[in-house]
Amino acid sequence: MTTIEIILAVIALAFVVLVVFLVRILIKAYETFRRVNCTLALAQKQLLDLQEEPKKLFSTINDIASDVNCKLENLDPLFGALSNLGIAAESRTAALNEFPTPSRSFKAHAQVDLGSPSEDIASDLIDLALTGFSVWQKIKTRRK
């Protein structure tokens, strides 16, 4: 063998070793990319699952908010009636305060005309509210 043939054999051997190492590197890179791809697919699936939870939560929050709004709308007449009762009580108190002299008896105060029919309705509503409250208390104590 001549020197050129030896050099060519060494170059060929070096090329084969280089190809073997490159093939091994490419195989490892392929396996790594395949694992990364699987990991990304799993991460996307988990993110999609996580997206569903806030959607369900927002849906539940919206349902609760609409339920609360409906209940508040149902309570509006009650608060309006309570406001009217407060106004009626204030006007009756003001009417009673117009007669501050102690010489008058309670009967004299009771005989004073305190006002309009709306105040009579207000007093009826007060009586109704007190009756309802006592019934509610009785129901509550029976449940225990």
Scanning for something surrounded by 10 or more Cβ atoms within 10 Å (Cβ to Cβ), touching a helix residue (DSSP H, G or I) at 6+ places or on another chain (Cβ under 7 Å) and modelled with pLDDT of 75 or more, does the range 63-83 turn up at least one residue?
yes
Has the range 35-44 got any residue that is of a type in the set (A, V, I, L, M), at pLDDT 95 or above and more than 43 Å from the chain's Cα centre (by Cα)?
no
Identify, from the list 129, 89, 95, 122, the residue that is surrounded by 13 or more Cβ atoms within 10 Å (Cβ to Cβ), in a helix (DSSP H, G or I) and at pLDDT 80 or above.
129
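The values are calculated or read from the model by the stated rules, or taken from the named source; none is laboratory data. Values in this document were obtained by computation on a predicted structure and should not be read as measured data. Cβ sites come from the backbone with ideal geometry, for glycine too, and all protein chains shown count toward neighbours.
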